[in-house]
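Structure, as structure tokens:
Please treat every number below as a calculation from the coordinates, not as lab data. Here the structure is a predicted model, which means the values were calculated and not measured. Counting neighbours? That spans all protein chains shown, and the Cβs are built from the backbone with ideal geometry, glycine included.
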Amino acid sequence: MERRPLIAGNWKMNLSLRDAISLAKDIVTGILDIEDRDVLIAPPFPFLYPINKAIEGSKLFLGAQNMHWEEGGAFTGEVSGLMIRDVGCTHVIIGHSERRIIFKETDEMIAKKVKKAIDLGLYPILCVGERLEEREDGKTFEVVKNQLEGGLSLIDEIPDTFIIAYEPVWAIGTGHTATPSQAQEVHSFIRKWIEERYGKEKASFIRILYGGSVKPENIKELMAEEDIDGALVGGASLKVDSFLKIVRF
Ligand code: PGA
């Protein structure tokens, strides 16, 4: 089964409104002739609404970097899935390692977010990945399996549109990309896990992205691996040239 590649830019907490809109517009123009892959950007919350307006009618997908699991209420400083859907998001990144590590998100919280996102018709991008010391201790598969089990604990059926991002923490923002074979090993483990739990057909649909220091120089070899279906790009998604080079791998 041919899975359609997805290149997603995670802008994190970067850019001014003006720069964000101009980057989004440049990406729209840069992908006009692209038909065979999906492209997504995940800007900071306050930029979602104006960017949605700026990219209206284009094929660029819009995603949020996080959401709360409740639809509304007394949760100062939080943003709900309903709200991000209202401002044009189709996708939402859930459980990014920066959320897990800096903001102490647990698998229980992540599971509730995943469930709510699916209930609202959003496409979750569930992030998993081991830390350096876990890899060195030979615990990579165990950590990833626990994160998958934890993050998916509240849903019985995984939609075909579900997306998983394997992002080894030691590769994020460090310049140390996982080698294609290191990444493929974990991607294939993830696909087998989906197959065991949800069946072979489902496993053949689910896209698994790689994230962690993806650059124009390494995207081609990563995408050549059988189970790598796209990339979640941080730093290199903030400049139109490098992002479009990655999109056009
Ligand atoms: P990076 O970030 O490309 O800057 O390593 C990736 C991510 O955190 O999604």
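Numbers below:
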item: Residue-span extension gain [residue 76 to residue 192] - 0.36 nm each, minus C-alpha spacing; result: 37.8 nm
item: Theoretical ellipticity at 222 nm over the chain - DSSP helices of four or more residues, -39500 (n - 2.57) apiece, nearest 500; result: -12000 deg cm²/dmol
item: Highest-first arrangement of 22-28, 53-59, 231-237, where packing means the average Cβ count within 10 Å; result: 231-237, 22-28, 53-59
item: Simple spin-label estimate for residue 120 and residue 17 in nanometres, 7 Å along Cα-Cβ; result: 2.2 nm
item: Span from the segment 160-228 Cα centroid across to the segment 1-74 one, whole angstrom; result: 21 Å
item: Per-residue Cβ neighbour rank within 10 angstrom, fewest leading, 37, 100; result: 37, 100
item: Kirkwood-based shape ratio for segment 149-249, expressed as Rg/Rh from alpha carbons; result: 1.00
item: Ordering of 114-124, 160-170 by burial proxy (mean other Cβ atoms within 10 Å per residue, highest first); result: 160-170, 114-124
item: Segment 6-247, dipole about Cα centre (Lys/Arg Cβ +1, Asp/Glu Cβ -1), debye to the nearest 20; result: 580 debye
